[in-house]
Amino acid sequence: MENPKKVEEGFGNGPISARENLERENVREGSEIATEQHDLTKAGEKPMLVKEKSKRIATLDAFRGLTIVLMILVDDAGGVYERIDHSPWNGCTLADFVMPFFLFIVGVAIALALKRVPSRRYAVRKIIIRTLKMLFWGILLQGGYSHAPDDLVYGVDMKQIRWCGILQRIALVYMIVALIETLTTKLRPTTIDPGHFSIFSAYRWQWLGGFIAFLIYMITTFALYVPDWNFTVHHEHKSESFTVKCGMRGHLGPACNAVGYVDREVWGINHIYTQPVWSRLKACTLSSPEAGDLRPDAPNWCRAPFEPEGLLSSISAILSGVIGIHYGHVLIHFKGHADRLKQWVSMGFGLIIMALLLHFTDAIPINKQLYSISYVCFTAGAAGIVFSAFYILIDVWGKRTPFLLFEWIGMNAMLVFVLGAQGILGGFVNGWYYENPDNNLINWIQNHVFIDVWNSEKFGTLLYVIFAEIVFWGVLSGILHKFRIYWKL
């Protein structure tokens, strides 16, 4: 069986550019922005490249690399340290920061990559192509076709393929935010008027798009009627059918929320995630917050499927990208370190305070599974504070060396995600076993070099994840960077 955490988590290599030019180097590895100028008035005329000197913002790569590292840590160590795994329902753990951090840095990258759009038609075409690439990789890696690294088989029953996933969510957010940025290019200001709020009014169309996403999510969540629903659990020799009683609106619990209802109606109950983290709730297991056998009196919904990367929650996730692109706009228009940090830090703390007020007044709890508005604010605010801290350390104070591992991983995030976090390389290595599939090199290293030496499964697993996975991928990414080898969508 595939690892449920690896199926749920994922990563979309955030957009680097909407044009085939060297501007993407400003985000990943270059020290120059190459702006491609198209003359649309003369058919067949070759484009002219004009290079502008620009100091590279290393914080972008380091933040992206940090997010990849967090994903690997919670995916592979979360099994023994359940408290860093996803919160069973309300609340926020370390794992719950991964997805919004990705969307945040995708938004920042969009602002830089689409700073100039000489040809809107060309940019739109590139955005659509990149979106389709992310959808393809998302379905391939997270739809059930790949069972790596645990099972040495491939294939998925099309009656049960999972259509949603992290890459699919990132594709949707990227497409919406990048299209708004591209189609409003002629409405952008070249300079920003003095004042703290002038940056918001200058990019009002981006915020309008986020507000529309907010309205769609809130109205649907609290106004949509959720009827009773049924599901079937298939065992090896029999099947069991269950009914969940609802008949209500505005419910924010596991059983009867509008987020789950929309996915059941749109995708079909056989095509959504079958191992939701809510099974670790106290109502479902006595082992809570750790995973365990279901209680004899567990409600029916404890056995039910739920899509954590579903359609309605992904509409709410657009806001994470909109906030990220705002940070990118600040980076473009404010040249002084103090001015940038004033904008970033004030917004970050403001979002966190708003989220905590919503959560602790029980108005809208922080909830990753529902991608609630308080969750958007809390995680986006945290992303803004961490991004600001990295910016101070790396780009202001010049302390780049301690963060090189993050930076290298961030430069090749897609490669590390596919081969590392999704277990493709691990599955390849496990394919070379002795006598039985469990007797392979990876298990031998984990058991004999780490767990047996420290006489602790928890601490040994943690050390294995840090040194045999995170450090390994960091060093490999550094070597690939040395030879200018990158995997980009």
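Every listed requirement among (1) surrounded by fewer than 19 Cβ atoms within 10 Å (Cβ to Cβ); (2) touching a residue at least 60 places away in the same chain (Cβ under 8 Å); (3) basic (K, R) is met by K368 save one, (1). Just one of the listed residues (D76, D96, D150) is within 18 Å of Q275 (Cβ to Cβ) and either aliphatic (A, V, I, L, M) or not in a helix (DSSP H, G or I) (or both), namely D150. Restricting S374, S320 to those that are surrounded by 21 or more Cβ atoms within 10 Å (Cβ to Cβ), of a type outside the set (K, R) and more than 30 Å from T191 (Cα to Cα) reduces the list to S374. Set side by side, the residues I315, I325 differ, and just one is open to solvent by 30 Å² or more (accessible area, probe 1.4 Å), more than 29 Å from K458 (Cα to Cα), among the β-branched types (V, I, T) and modelled with pLDDT of 95 or more, which is I315. A residue that is farther than 19 Å from A113 by Cβ and either crowded, with 16+ Cβ neighbours inside 10 Å or modelled with pLDDT of 90 or more (or both) occurs nowhere in region 177-191. Restricting region 117-133 to residues that are part of a loop (DSSP other than H, G, I, E, B) and out of contact with any strand residue (DSSP E or B) (no Cβ under 8 Å at 6 or more places or on another chain) leaves a set whose member that is surrounded by the most Cβ atoms within 10 Å (Cβ to Cβ) is V117. Residue-level analysis places A363 among those that are over 18 Å from A389 (Cβ atoms) and small (G, A, S). The residue of region 303-312 that is nearest to F200 (Cα to Cα), among those that are open to solvent by 10 Å² or more (accessible area, probe 1.4 Å) and in a helix (DSSP H, G or I), is L311. Considering each residue of region 147-176, count those that are among the charged types (D, E, K, R), farther than 18 Å from L311 by Cβ and surrounded by 14 or more Cβ atoms within 10 Å (Cβ to Cβ), and give that number. The total comes to 2. The residues of region 212-234 that are surrounded by 17 or more Cβ atoms within 10 Å (Cβ to Cβ), β-branched (V, I, T) and not in a helix (DSSP H, G or I) amount to a single one, V226. Scanning region 79-116 for residues that are more than 17 Å from V376 (Cβ to Cβ) and surrounded by 22 or more Cβ atoms within 10 Å (Cβ to Cβ) returns D85, P88, A109, I110, A111, L112, A113, L114. Scanning region 235-252 for residues being under 27 Å from A363 (Cβ atoms), open to solvent by 10 Å² or more (accessible area, probe 1.4 Å) and in contact (Cβ under 8 Å) with a residue 40 or more places away in the chain gives a total of 1.
Here G209 fits the description: surrounded by 17 or more Cβ atoms within 10 Å (Cβ to Cβ) and over 17 Å from the mean Cα position of the chain (by Cα). Within region 256-277, the set of residues being of a type in the set (S, T, Y) and either within 20 Å of the chain's Cα centre (by Cα) or open to solvent by 50 Å² or more (accessible area, probe 1.4 Å) (or both) comprises Y273, T274. Does W344 satisfy the condition of being touching a strand residue (DSSP E or B) at 6+ places or on another chain (Cβ under 8 Å) and assigned to a helix (DSSP H, G or I)? No, not satisfied.
The values are calculated or read from the model by the stated rules, or taken from the named source; none is laboratory data. Quantities reported herein were computed from a predicted structural model and do not represent experimental measurements. Methodologically, a virtual Cβ is constructed for each residue, glycine included, from the backbone with ideal geometry; neighbour enumeration extends over all protein chains shown. These accessible areas exclude ligands, DNA and RNA; they are computed on the full protein's heavy atoms, side chains included. Shrake-Rupley method; radii C 1.70, N 1.55, O 1.52, S 1.80 Å.
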